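In what follows, a single structure is set out as structure tokens and then discussed.
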Amino acid sequence: MNLQWYPGHMTKAIRMMQENIKLIDIIIEVVDARIPASSRNPDIDELGKNKFRLIILNKADLADSSVTKQWKEYYEKNGLFVMEMNSKTGNEADKVKELVQKACAEKIERDKKRGIIGRPIRAMVAGIPNVGKSTFINKLAGKASAKTGNKPGVTKGKQWITLSKSMQLLDTPGILWPKFEDQEVGLKLALIGSMNDENIDTAELACELIKYLDRFYSKVISEKYDITDDQLISLEEDQYSTPSSRVLSAIAINRKCLLAGGNPDISRAASLLLDDFRNGRLGKISLERPELQ
Ligand SMILES: Nc1nc2c(ncn2[C@@H]2O[C@H](COP(=O)(O)OP(=O)(O)O)[C@@H](O)[C@H]2O)c(=O)[nH]1
Ligand SMILES: [Mg+2]
């Protein structure tokens, strides 16, 4: 998928959001639990300032659960309702519906005082591309009622999905765009695979991942690819190498990613590492922590 956004798309997306926000009580904002800050757009705070709010820390199955817990506490401190979730294989739809009712308790109470009973809560899902909005909607609806895939889906007209007698969901999610101005944000979106790898130097990206993992998950790479300290020391003979490029060389050698002359194929090793990370084969890893925000 291509995450290039142009001013025209952004304006159109904002207009759509503004239009749809008028119709709803609560915004359910889906973010990627591995990078909750980078997969959010702070404009949502302005757009949804008069709405109830629920943040879904989605793809929690791929994130470090202790860090996800910290994120939950962090956003709750900021007055938001928060839930971690695995929309793909999890079974948490009822819990979401319960939390929506809880988040909207004030409105339900207000309605009651005015003699309005049983008016359903209307919700809209929003988030940047690829965080799992469609998968989440499908899970909530209990059938394949929203398009999933790696491209933001386009649905014509407004359709409501009735989730229960007390909740309706707009079937078209609001599309937000990432904050590309920030290099770190772009890097993290690339790491989780939300940007097209075509225009990215994968070896450089893999080196960034290695540096981060070395800091927070120090044994993960050496254990996964059987790299020993002795092997890394022997690779120091290459005077142009850096600590992370030596790790990439070691991955290439140990996984037999070799060029015709027998030298390590760094770019293949980089792709292998990124692929293993993105598919959870390095374990549950979070790339952002609230204390570093
Ligand atoms: N592991 C995991 N993958 C997920 C989860 N939710 C969605 N996905 C995957 O993420 C990709 C993007 O999902 P999609 O719903 O199309 O994202 P959208 O662009 O926000 O609508 C798809 O390959 C989904 O299968 C989740 O909770 N866990
Ligand atoms: Mg979608």
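Where a number appears in this text, it was derived from the coordinates with a stated rule and is not lab data. This one's a predicted model, so the numbers in the text were calculated from it and none came from an experiment. Glycine also receives a Cβ, built like all others from the backbone with ideal geometry; neighbour counts cover every protein chain displayed.
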Check your understanding: If one puts a single equal scatterer on every Cα of segment 47-94 and applies the Debye formula without solvent, what log₁₀ I(q)/I(0) results at q = 0.26, 0.31 Å⁻¹?
Key -> -0.98, -1.14
Study note, to complete from the structure: GNM of the chain, Cα pairs under 10 angstrom: of I161, I55, I137, the biggest fluctuation goes to I161
Exercise for review: Grab the alpha carbons of segment 1-147, take their convex hull, and tell me the volume per residue in Å³.
Suggested key: 125
Point to revise | Spherically averaged projected area in nm², based on the convex hull that wraps the Cα atoms of segment 103-252 | key: 14.0
Revision key, fill the gap. With Rh as the Kirkwood radius over Cα pairs, segment 201-292 has Rg/Rh of 0.96
Point to revise | trypsin sites (Lys or Arg not before Pro) restricted to DSSP loop in segment 1-109 with at most 10 other C-beta within 10 Å | key: K22, K49
Review point. Residue farthest toward the positive end of the dipole of segment 201-292, with Cβ of Lys/Arg at +1 and Asp/Glu at -1: which of A203, S244, N279?
Key: N279
Exercise for review: Of the listed pairs K77/K188; K49/K139; K139/K179; K95/K211; K179/K284; K102/K211, which have alpha-carbon separations greater than 31 Å here?
Suggested key: K95/K211; K102/K211
Review point. Hey, what number do you get for the chain at 222 nm if only DSSP H runs of n ≥ 4 count, each worth -39500 (n - 2.57), divided across all residues, to the nearest 500?
Key: -12500 deg cm²/dmol
Practice item. Give the relative contact order (percent, whole number) for segment 233-284; include only Cα pairs under 8 Å separated by 6+ residues. Key: 24
**Study point:** Taking the convex hull of Cα positions in segment 155-231, its mean projected area over all directions (nm²)
**Key:** 9.7
Practice item. In whole Hz, with x marking every Gly and Pro, tabulate ³J(HN,Hα) for segment 112-120 from phi via Karplus 6.51 cos²θ - 1.76 cosθ + 1.60, θ = phi - 60°. Key: 4, 4, 8, x, 9, 10, x, 6, x
Exercise for review: Multiply the residue separation of K158 and M10 by 0.36 nm, subtract the distance between their alpha-carbon atoms, and state the gained length in nm to one decimal.
Suggested key: 51.3 nm
Practice item. Take the chain, drop everything but the C-alpha atoms, weight them equally and run the Debye formula without solvent; then report log10 I(q)/I(0) at 0.07, 0.08 Å⁻¹ to two decimals. Key: -0.32, -0.40
Study note, to complete from the structure: Dividing the mean separation of Cα pairs under 8 Å (6+ apart) by the residue count of segment 201-292 yields a relative contact order in percent of 31
